[in-house]
1. Can you give the relative contact order of region 425-564 as a percent, counting alpha carbon pairs under 8 Å and 6+ residues apart?
2. For region 299-449, what is the Kirkwood hydrodynamic radius in Å, using each pair of distinct C-alpha atoms?
3. Normalise the Cα radius of gyration of region 218-360 by 2.2 N^0.38 Å (N = residues in it) and let me know the number.
4. What's the Cα-based Rg to Rh of region 384-606, Rh via Kirkwood?
5. Could you order the peptides 215-226, 109-120 from most to least packed, using the average number of other C-beta atoms within 10 Å per residue?
6. Straight-line reach from K607: which lysines fall under 19 Å, measuring Cα to Cα and dropping same-chain residues less than 8 apart?
7. So what is the relative contact order for the chain, in percent, with contacts set as C-alpha pairs under 8 Å and at least six apart?
8. Determine which lysines satisfy two conditions relative to K249: a Cα distance under 25 Å, and not lying fewer than 8 residues away in the same chain.
Amino acid sequence: MSSNSPTTRPEPEYEGDYRPADSANPHAHLDVANPRVESTDLRYLAQIADTLNTTLDLQTLLNRTSELVRSIIPYKIFSILLLNDRTNELRMRFQIGHTPETQRMRIPLGKGVVGQAALTRQPMLVNDVSQVEGYIDVNPNVCSELAIPLILKNRLIGVLDLESEQTGFFKPEHLHLLTLTGSRIAQAIENARLYTRVSRQAETLSVLNEISTEIISILDLDPLLAKVGNLLRRLIDYQMFSIMLLDEKGETLITRYAWRFGYAQAPMRRISVTTGLVGAAVREWRPINVPDVRKDQRYLPMNAETRSELIVPLFYKERVIGVLDLEHTRTAFFNEDHVRTLTTMAAQIAIAIENARLYQRVRRQEQQLERDIAMAREVQLRLLPTAPPKHEHAEFAVSFLPARAIGGDLYDFLEYSDNQTAIVLGDVSGKAAPAALFAALVSGIMRSAVQQKPAPAAMLVLLNEALQERKLESQYVVMLYALWNDDNRTLTVANSGAIQPIFCRGGENVTVKAEGFPLGMFPSATYEEFNVATQPGDAIVFVSDGILDAENEKGDMYGEDRLASLLCTSRELPAQHIADAILADVTRFQGAKDRFDDETIIVLRVK
């Protein structure tokens, strides 16, 4: 390899050792009129055409090219160098007989024999490299060299280079045949590279499509970032990668995912947006591609192996939320294709990250709400009586099943005296937390008023007036308020719009026709009282509308008739058994149909 430039070409006395082609006629010194030579040329060109047209894989193509050249030149050292248009350097793309150090070399145009052949676009035959000034002596055993520029449509593709350990090894006919085939090899290489680019673009589109379909469905941030790293490796052969996200103040980039030389790393870095290349990408709102970080004063030395770095900001709704940071140990590794690919991916990645972070916030809120609801549930249960009262002539039982964690049904047993107990069953409008809070309000007012020991109708009037003073839009409560007198086995009932009680005696049932306006809906409402004289064996059931309105999968309601029939058939059972039997029957009736309302049952059985 020689570093001669075109202006320092050897003088004519080296003509026997240095043979550039004549610019007007590259083959003027050859006997091309010789029929045998022409026949060899044609056979070789035909073989070249047949062989090079059978593959679009670049590596296979270069290997076959080396085999074809070997069929006419028994070389030991062979290489094909391709031009990097961005750096204007020749890079060894295929070689036989070179050392790894030589293979990694980058040769600028005009440097060495191959660099000069590329710059002048003229084939060069050097029979004695020791006579060439500035020869790049990477292999001290090399004595002669033959370099053929590969040109297609007046554009340099690369250089085909042969070296020998013998002086004068390469002949003019070698120069002639390789010069004839140079353009065909260049065309085949360009076709293969075009196919590779198209294949890479197809792979890029496939990965981008996979990103759009896969990462959007990942709502946990850490798995999402790991998935992004895995998908990205299919497009760009990076060696170090991290995703950094801005903190809430937008002042610090925090590493949320890091990958280094094949292994995921524990995120550690926190970098202010005022420093480093990553900070510059955030401040300047643009990708930053640094071919050699050692020459950029903005670089913060985090990885000693890093030579080139590419940072692409992540934009979401016209603001930067973080960056993708890729690093490589090779200088000038990242190119414009990488920038375009990452920029396209960044938009989708940013949306997925924001979706995941939003999901995390919603999930945290849901967990907090669940904790609050659990606490409200505990409070609501503590407001309910722990056990029904005990009387000589009556037994009471309750079954309660809220439609949600907390419900709007309320029930209570309020002691008037040793022999009198008020039975309360209410249903607040709405469900869940608002209904439970309103139920707690009603319960508090009622427990305060019970100290006056009002009659059932008077208690409903008192509650209605209190709720009118604390009126809430669209909030009301329906309530059954009944007073049991154990001395004379009588029940006094008042109703403010709740389900009417069902009374069963001797297998016959009757509905207690108590009615009234819901509490909190109308001012100055009045209520009637109904007295029920009971006998031993009688059973009375109070239920919320969640029982009668329960639906099955056909849309049929449980209804009053089914409830009354079950009450009468089980009236001789203990009160709790009756309540449990009713709730179990409602559950069987509903089947797989979801409950939509609280279900409360109070049973009074006369001993």
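1. Relative CO of region 425-564 lands at 24 percent.
2. Roughly 21.4 Å, rounded to one decimal.
3. Ratio of Cα Rg to 2.2 N^0.38 Å: 0.95.
4. 0.95
5. Ranking, from highest mean packing down: 109-120, 215-226.
6. K390
7. Computed over the chain, the figure is 9 percent.
8. Correct list for K249: K317.
Laboratory data are not the source of any read-out in this text; all were calculated from the coordinates shown. Worth saying up front: this structure is predicted, and the values here are computed from it rather than measured. Note that we place each Cβ from the backbone using ideal geometry, even for glycine, and neighbour counts take in every protein chain shown.
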